[in-house]
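*Asks:* One structure follows; several queries about it will come next.
The values are calculated or read from the model by the stated rules, or taken from the named source; none is laboratory data. Everything numeric in this text was worked out from a predicted model, so none of it was measured. We place every Cβ from the backbone using ideal geometry, glycine too, and count neighbours over all the protein chains shown.
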Amino acid sequence: MKNAYYPAVFHPEEVGYSVFIPDIEGCSTQGDTIDEAVEMAKDAIGLMLEGISEYPQATTPSALSPEGEDFVVMIPFNAAEYARKNNRSVKKTLSLPAWLNEAAEAAHLNFSGVLQEALKAKLGMEGQNQR
């Protein structure tokens, strides 16, 4: 998926910025610095769009009228990158031959690590580490 760009309205606070994403109902966040606020906005967009098959259409920045010191920043969002970044563990049940299980245990292999390495190799993602 290509990046989608959502406008975010930044409001300077006494410390940092509060951020509101008008195209995604209930989507707001904050950050102590502009960089942190942008990262938090990316995460907020990802959390709000997680599991949604059709994303809302993004408003053009010129259609927004920020008030006072508020300003608009376009926030890029890529669902595939967000999913990789959101690296929560998922439990999987699998089957393998008993002899292979015994050999792997005798070699003290980490089954999860070996499976992750094999999946990354199969998907052409070798060397990519996620947090």
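*Asks:* Within the range 71-86, track down each residue that is over 14 Å from residue 52 (Cβ atoms) and in a helix (DSSP H, G or I).
*Replies:* 80, 81, 84, 85 - these are the residues of the range 71-86 that are over 14 Å from residue 52 (Cβ atoms) and in a helix (DSSP H, G or I).
*Asks:* Something else: Considering only residues that are modelled with pLDDT of 85 or more and surrounded by 11 or more Cβ atoms within 10 Å (Cβ to Cβ), which ones fall in the range 74-116?
*Replies:* Result: 74, 75, 76, 77, 101, 103, 104, 114, 115.
*Asks:* With the structure loaded, tell me whether residue 58 is part of a loop (DSSP other than H, G, I, E, B), over 14 Å from the mean Cα position of the chain (by Cα), touching a residue at least 12 places away in the same chain (Cβ under 8 Å) and assigned by TED's automatic domain parsing to the domain that holds residue 11 or whether it fails that test.
*Replies:* So residue 58 fits the description; yes.
*Asks:* Tally time: how many residues in the range 22-55 are of a type outside the set (D, E, K, R) and in a helix (DSSP H, G or I)?
*Replies:* 11
*Asks:* From the residues in the range 1-18 that are touching a residue at least 40 places away in the same chain (Cβ under 8 Å) and buried (at least 17 other Cβ atoms within 10 Å of the Cβ), which one is nearest to the chain's Cα centre (by Cα)?
*Replies:* Among those that are touching a residue at least 40 places away in the same chain (Cβ under 8 Å) and buried (at least 17 other Cβ atoms within 10 Å of the Cβ), it is 4.
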